[in-house]
Amino acid sequence: MDTALLVRRLLNMYDLFDFLFLGMRLWGRAKVFRRRMLCLWLLLLGFALVTLALSDLFKRERDNTYQKPGPPRRPLQRVPSPPDLDVIVDSRDDALEFVVDLSPLNSLQEDQLLFVRSTQGTKNPPQRKATYKVLLPVTNKHTTPAPPTHGEMGKAVRLHLKGADRDKELSALQKYGFNEVVSEKISLHRRLPEMRHLQCLREKYSESLPSASVVICFHDEAWSTLLRTVHSVLDTAPKQHLREVLLVDDLSQHGHLKSVLSEYVAHLDGVRLIRSTKRLGVGGCRSLGAARAAGEVLVFIDSHCECQKGWLEPLLERVAQDRTRVVSPLMDVIDWQTFQYNATQWPVKGVFNWRLDFYWESEPQLQDKDPSSAVNPVRSPALGGGALAIDRHFFQSVGAYDPGMLLWGAEQIELSIRVWSCGGSMEVVPCSRVAHLDHHHLPYRFPDEDLLQRNKIRIADTWMDDYRKIFYRRDTLAHFIRQSESPNITERLHIKSSLGCRNFQWYLTTVYPQLYIPQDMPGLSGELYNVGTGSCADYPRGQGLHGGSMKIAPCSGTGSQHCDLNSEGEVRWGPMGSLCLDTKGEHVILSPCPNPQPTTSRLQWKFIKLSGQLVHQQSQLCLEAVKDGGLPHSSSVKPKEVSTRTSVGGLFLRPCTHQPRQQWHFEQLVAPKGA
Ligand code: UDP
Ligand code: MN
């Protein structure tokens, strides 16, 4: 109660008593009594005033202690009940729901909508408890999560960048893994040149195709590439088939992806924005999008894509014909540096190797003379995640994406093996083209540097049965991790058995017969170690996919130098096992193995265990290692010339001797028993 009001009321009561006293005086006996009562009332009034003043003081102090540490109140802040997982900005009804989540990440910091705890100082990954071997770092984009430093990148791309923009471009490149400065200069509505086959333009599609939800997950995507993706979908997908574009923010930190994006999206017709308050990773983010999608068919596309005119209809048609069919457009490529659009040659299939790395394999030599092959989809052992259409119910019933998979990597291989093994199929549809921006390097920093291996371990242990040993021999880091920890795959095995999924042998023979199955015989497979030089046979990057000379290099121990001498006498090289040790004159090179045709004598070798010699069957010469700058040993080179020339190191054919440079053994890094 207000102090002034109380005083007023007390005074009113005093007036009342005054009136009574007057009556009493009239009766002649109130004088003394009235003076006493006045003292009493004055006392009461004083007491009330003191009490009120004190309580006001306490109240103010209590309020101060609440306000001091907290941020000033914001009108939109409210604690929902019950708590939800995501923040939704819906452009159609402008619905806003905000959630307080104590996740330790800085989502929506700019909007100040969420409780934020600093992540500074937690850059270093937690110390590993496991005691497996620490192997050499690898430099492949698909195996190195951390982006290169400014200096490294300067070296790598110096030749391409020019002028005053160079520094700006380099820092944009480091941040995003592509040249964002160039991207910003390109219209958000640019049209791609028509690259579809003429036959595709004549194709007719059903009027009553199922509706599509295009789900675009993003984590710290650049503004220009993200918005170009969204507009490209809106500009190319027919309205009657496009139920919605669902943007799913996987806890981005970049400022432009916060309120500015919310506002932008609010003005787009048919676009919804969902924000996750937990970092979900590629698969988790897509599963969240799928759970919130309303369309019959889910179309996942990366946040840096551009769609060709007419891309959606052929995909929807194939899914409508068979709801267990998962389809991908033919993926064109946007250059990470120039943003030039490059059309991919048909036919193309999605494949993976024994290290569980995914590739698109373009096989123009397989171009059929049959004109219908230009428009006919091809069955594909796997599909990439860049753009993928799948029936929403089938996606859920086949187990969505594996929630146990960490942030990034190999989720497309897991989905592929699962879809095929559990009753579905996959194909690439050539009349649908979507261009994907291939990064120069991965722009994310992951808290777990071995996350890709951990994801692959889940695939190997869930789906590959005994064939998983072939994987572990070619990825020894995964092998050592697996030795010290087991993945929790109980749920996935449950799905596998409840859906009655087939085994990996069925997958290999029926779906992916092109994949060579290594024999990995004990003593005849592993790193090819040379006694004389103490190094291993190697085929360095930058030599082309095949045809280059074999080299020697320090033994990596990672499984990347693994090879396999099989019962045909071929020395199979590489994680696909599709390249063979071949010869060109005295040089030892790599060339594609004849598959499935029988091998030729030029590709046959015999290993003599006792002497360690590897004898080329056609020439009966021996494999010899020469170090860089070492002396060539060709019998055709005269001694005088030898003294003036040094050779480039590598593997050569030489007349057989017993010198150590001709002594080899296969170092099997992972015991035949395997993981
Ligand atoms: N992405 C995500 N969360 C992550 C990592 C990636 O939502 O933790 C998004 C990313 O923005 C992209 C898609 O998932 O739209 C696929 O990722 P990315 O393009 O890096 O994979 P890649 O094409 O290199 O295989
Ligand atoms: Mn991508």
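Structure data summary
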read-out	value
FRET E, pair residue 190, residue 294, Förster distance 25 Å, beta-carbon r, rounded to 0.05	0.30
Scattering profile of the stretch 379-449 at q = 0.13, 0.24 Å⁻¹ [log10 I(q)/I(0), Debye over alpha-carbon scatterers]	-0.47, -1.22
Globularity ratio of the stretch 423-550, using Cα Rg and 2.2 N^0.38 Å	1.36
Cα Rg over Rh - the stretch 467-614, Kirkwood	1.02
Cβ-placed point charges (K, R +1; D, E -1), dipole of the stretch 382-460 about Cα centre in debye, nearest 20	80 debye
Shape parameters for the stretch 441-496, alpha-carbon atoms, Rg then Dmax in Å	12.3, 36
Shape call, the stretch 414-480: gyration tensor on alpha carbons, a/c limit 1.5	oblate
Long-range amide H partners of residue 361 with built H, under 5 Å	349, 350, 351
Qualifying trypsin sites (Lys or Arg not before Pro) in the stretch 513-584, DSSP loop, other Cβ atoms within 10 Å at most 13	541
Estimated distance in nm for a label pair at residue 373 and residue 263, the labels positioned 7 Å out from Cα along Cα-to-Cβ	5.5 nm
The stretch 321-362: Cα Rg divided by the 2.2 N^0.38 Å rule of thumb	1.47
Dimensions (Å) - the stretch 534-613, Cα atoms, principal axes, largest first	34, 33, 25
Given 175/204; 175/551; 185/258; 349/456; 456/627, the pairs whose alpha carbons are separated by over 32 Å	175/204; 175/551; 456/627
Selection of GluC sites (Glu not before Pro), the stretch 564-599, meeting DSSP coil and at most 13 other Cβ within 10 Å	none
Whole-Hz couplings from phi, Karplus 6.51/-1.76/1.60, listed for the stretch 408-417; x for Gly and Pro	8, x, 6, 5, 6, 6, 4, 4, 5, 4
Label-to-label distance, nm, for residues given as residue 202 and residue 587 (7 Å Cα→Cβ offset)	4.7 nm
Per DSSP, loop GluC sites (Glu not before Pro) in the stretch 266-369 with at most 13 further Cβ within 10 Å	none
Length released on extending from residue 658 to residue 597, taking residue separation times 0.36 nm less the Cα-Cα span	18.5 nm
Nitroxide proxy distance, nm - points 7 Å out along Cα→Cβ at residue 505 and residue 393	3.5 nm
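No value in this document is a laboratory result; all are computed from the given coordinates. Being a predicted model, the structure only gives us computed values, none of them experimental. Ideal geometry is used to build each Cβ from the backbone, glycine not excepted, and the neighbour counts take in all protein chains shown.
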